[in-house]
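Enquirer: Here it is, the structure, as structure tokens.
Derivation of every value follows stated rules applied to the coordinates shown; laboratory data play no part. Just so we're clear, the structure is a prediction, and the values are computed from it rather than from any experiment. For neighbour counting, all protein chains shown are included, and Cβ atoms are generated from backbone atoms with ideal geometry for every residue, glycine included.
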Amino acid sequence: MNINDIQSTGKKATRDGFGQGLLEAGRQNPDIVGLTADLLGSLQMQHFQKEFPERFFQVGIAEANMMGIAAGLAIGGKIPFTGTFANFSTGRVYDQIRQSIAYSHKNVKICASHAGVTLGEDGATHQILEDIGMMRMLPGMVVINPCDYDQTKAATLAIAEYYGPVYLRFGRPSWPMFTTGKEFKIGKALHLATGTDVSIFATGHLVWTAIEAAKELATQGVSCEVINIHTIKPLDEEAILDSVSKTRAVVVAEEHQRNGGLGDAIANLLVHKLPVPMEYVGVNDSFGESGTPEQLLEKYGLGKKDVLWAVKDVLDRKGK
Amino acid sequence: MADIAQLKELATQVRRDIVRMVFNCQSGHPGGSLGCTEFFVALYGNVLKHKPKPFKMEGKGQDMFFLSNGHISPVWYSVLAHNGYFDVKELSTFRKLNSRLQGHPATHEGLPGIRVASGSLGQGMSVAIGVALAKRLDADPRWVFCLTGDGELDEGQNWEAIMFAAHHKVDNLIVTVDWNGQQIDGPTDKVMSLQVLPAKWKAFGWDVLILEKGNDLEAVIAMLRKAKRRCGKGKPVVILMRTEMGHGIDFMAGTHEWHGKAPNQELFDRAMAQLPETTFGDF
């Protein structure tokens, strides 16, 4: 798998992938129901709602209630998909998720759009960068952060088939598509490019950023292994350890705080099993602000140049 | 359907169980448990159509009950055990290591009769609404019951749920409020006034029933049956049920002091002297 074989086939938002995935899942399984807290269109849930109005519940701006109702629907044998922004899907309702969904092991799919700084102009009140950390700390919670339209759609279909609580995180902006036709399996990393010098593990929007950085590094003679970790929990430890035992240098890229995210999940694995030089591409203990997604990605250290810098740093430490 | 005399005797046994459980582990919440004893005995013994064995999480074709104020777990556990959900002997494990009878109700250890964890307050009504919606989708004509504390109504999520249930006409739902006027830090009027509770629920679009004698078994049964008849008319139904916290034991009655406290040996003996042994027997 050569890095230069990965090409974008166009641009669409990951949330659109969710909307289409939910519609298809709803057609396949009559037990699937939808809920939103006054963000129907933002979550692209209108497709499902139009086709299955009796299976869709408008909760109003009341996320705590939505999580409890979803838990109840799950008790009654339904498969509820809740839809609101990532901030209101996690931080606002952490205790409801913890008690009524996670601890009670309810089959609820918490679907969260507008995660991270690529939300853009709305600013830091809405740009949650802590959600992966919060959700992966909950025992039994599956945490998935797909990287493009097709993967989000595939993930939506996959979680409908899985029994148990899931946090599915996606975003607002149009983003390059490059996983068309690739298999999606919960907990199974997606190998994008084979390399020997450094392993780049990326999730969400920053997978494309990692690919672009790896392409540039290839022209400089640096061979990057690029692996998409869409499922942050449960982590594909085998794929990570296989790659790192070969490259012995790691960069993790994610649109999230460095604290608590994919980087910490991988560091936790490696510190026990295979300590090697490692760098994080993530937000460094900071809130975001208003701006365009591109401006914010650059300002908050989530751009291609940040991946390039991180790779150079780990290679220096590795002693290449 | 058990006869009234038998249920009254069971209520005494449940009170013995509550005090013995709490004394056994020197922790837990006797006050609200004693206040809601008639409610639980009436509900499970005379009102609910339910099947204890095998316990089914989805409860299709059954009435389902949700306890939002999970700290009154002793009364629920005792009533579940006496209704055949699990062995009465298991009550002796309450709040002890490796027990299915957690301090607050949980599904994690697989205790039959429990469908969701509760304890962190204000969440049970939302869950009950979700179950009621699932029943509606399945054209299941049975009812969903939920008990919440009155102090618990301080939690904003309840009012989100109350709005939702009226807006979406969830009329297969019967919520009961344990209106004992007490919470941990004192009377509700002093801690956080509920003001005119019936008018509040009415204004939110609910069918409001008031039960003045929440510790009168026959009155509770009559009210729960009345509430069922009021369902199916486009409005959720609430019973505002006056109870006495700590009812049945003189030094615990009518005060918030025994909300979450276990008696010492002397007070335990004094409490047990007020609750004659029954034919059901102690755990």
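Enquirer: Using the Kirkwood radius over C-alpha pairs as Rh, can you work out the diffusion coefficient of the range A:182-318 via Stokes-Einstein at 25 °C, viscosity 0.890 mPa s, in µm² per second?
Expert: 167
Enquirer: Find the Cα radius of gyration of the range A:179-238, compare it with 2.2 N^0.38 Å by division, and give the number to two decimals.
Expert: So the range A:179-238 has a normalised radius of gyration of 1.12.
Enquirer: What number, in percent, do you get for the relative contact order of chain A if the mean sequence gap of Cα pairs under 8 Å and at least 6 apart is divided by its residue count?
Expert: Relative contact order comes out at 19 percent.
Enquirer: Please work out the ratio of the alpha-carbon Rg of chain B to 2.2 N^0.38 Å and round it to two decimals.
Expert: 0.93
Enquirer: Still on this structure, I have one more. Local charge sum around A:Ile232 (other residues, Cβ-Cβ under 15 Å, Lys/Arg +1, Asp/Glu -1)?
Expert: Value of the local net charge: -1.
Enquirer: Separate question: Hey, got the average number of other protein chain Cβ atoms within 10 angstrom for residues in A:100-106? Display every interim value, and only then the final one.
Expert: On the way: counts 9, 3, 1, 7, 11, 4, 7.
So the per-residue partner count for this stretch is 6.
Enquirer: Cα-Cα over 30 Å: which of A:Lys11/A:Lys215; A:Lys78/A:Lys233; B:Lys8/B:Lys190; A:Lys109/A:Lys188; B:Lys213/B:Lys233?
Expert: B:Lys8/B:Lys190
Enquirer: Pick from B:Leu211, B:Leu97, B:Leu153 the residue whose mean-square fluctuation is largest in a GNM of chain B, springs joining Cα atoms under 10 Å.
Expert: B:Leu97
Enquirer: Largest first and in whole Å, what are the equivalent-ellipsoid semi-axes of the range A:14-96 based on the Cα gyration tensor, each being the root of 5 times an eigenvalue?
Expert: 19, 15, 10
Enquirer: Largest first and in whole Å, give the semi-axes of the range B:150-191's equivalent ellipsoid, each being the square root of 5 times a Cα gyration tensor eigenvalue.
Expert: 25, 11, 6
Enquirer: If you project the alpha carbons of chain A onto their three principal axes, what span does each projection cover, largest first, in Å?
Expert: Its Cα atoms span 60, 37, 36 Å along the three principal axes.
Enquirer: About the Cα centre of the protein assembly as shown, what is the dipole size in debye to 20, counting +1 per Lys and Arg Cβ and -1 per Asp and Glu Cβ, all else neutral?
Expert: 1260
Enquirer: Helix B:4-25 against the longest principal axis of chain B: what's the angle in degrees, Cα atoms only, rounded to the nearest 10?
Expert: Result, in degrees: 60.
Enquirer: Spin-label point model (7 Å from Cα, Cβ direction): what's the B:Glu257 to B:Asp154 distance in nm?
Expert: Simple spin-label model gives 2.1 nm for this pair.
Enquirer: Under the definition of partner shielding as Cβ atoms of other protein chains within 10 Å of a residue Cβ, what is the mean value for peptide A:54-65?
Expert: The per-residue average across the peptide is 5.
Enquirer: Measure off 7 Å from each Cα along the Cα-to-Cβ vector at A:Asp242 and B:Lys51, then give the distance between these two points in nanometres to one decimal.
Expert: Simple spin-label model gives 4.7 nm for this pair.
Enquirer: A further question follows. Would you please calculate the Kirkwood hydrodynamic radius of the protein assembly as shown over all C-alpha pairs and express it in Å, rounded to one decimal?
Expert: One over the average 1/r among Cα pairs gives 25.8 Å for the protein assembly as shown.
Enquirer: Give me the dipole magnitude in Debye, nearest 20, for the range A:182-281 about the Cα centre, with unit charges on the beta carbon: positive for Lys and Arg, negative for Asp and Glu.
Expert: Using Cβ point charges on Lys, Arg, Asp and Glu, the range A:182-281 gives about 160 debye.
Enquirer: Cα extents of the range B:1-81 along the three principal axes, largest first, in whole Å?
Expert: Principal axes ranked by extent give 39, 29, 19 Å for the Cα atoms.
Enquirer: Please give the residues of the range B:81-100, grouped as numeric ranges, whose backbone N is less than 19 Å from a label point set 7 Å along the Cα-to-Cβ vector of B:Gln6.
Expert: B:81-88
Enquirer: Could you tell me which residue out of A:Gly282, B:Val22, B:His82 lies farthest along the dipole of the protein assembly as shown toward its positive end? Charges go on the beta carbon: Lys and Arg +1, Asp and Glu -1, centred on the Cα centre.
Expert: Farthest along the dipole direction, towards plus: B:His82.
Enquirer: Continuing with the same structure: Mind checking the dipole of chain B: about its Cα centre, +1 per Lys or Arg Cβ, -1 per Asp or Glu Cβ, Debye to the nearest 20? Walk me through the intermediate numbers first.
Expert: On the way: 32 positive and 31 negative charges, 218 e Å.
About 1040 debye.
Enquirer: When the helices in chain A are scored as -39500 (n - 2.57) per DSSP H run of 4 or longer and the sum is shared across all residues, what 222 nm value do you end up with, to the nearest 500 deg cm²/dmol?
Expert: Helices in chain A give a 222 nm mean residue ellipticity of -11000 deg cm²/dmol.
Enquirer: Return one number: the angle in degrees, 0 to 90 and rounded to the nearest 10, between the long axis of the Cα atoms of helix B:217-230 and the longest principal axis of the Cα atoms of chain B.
Expert: Tilt relative to chain B: about 20 degrees.
Enquirer: Between B:Lys89 and B:His108, what length in nm is gained on full extension when 0.36 nm per residue of separation is reduced by their alpha carbon distance?
Expert: 4.8 nm
Enquirer: Arranged from highest to lowest average of other beta-carbon atoms within 10 Å per residue, in what order do the peptides B:120-131, A:267-278, B:17-28 appear?
Expert: Values: B:120-131: 29.9, A:267-278: 14.2, B:17-28: 21.7.
Top to bottom by mean Cβ count within 10 Å: B:120-131, B:17-28, A:267-278.
Enquirer: Ok, one more. Using +1 at the Cβ of each Lys and Arg and -1 at the Cβ of each Asp and Glu in the protein assembly as shown, identify which of A:Ile69, B:Gln182, A:His256 lies farthest towards the dipole's positive end.
Expert: A:Ile69
Enquirer: Report the FRET efficiency, 1/(1 + (r/R0)^6), for A:Lys188 and A:Ile61, where r is their Cβ-Cβ distance and R0 is 30 Å, rounded to 0.05.
Expert: 0.25
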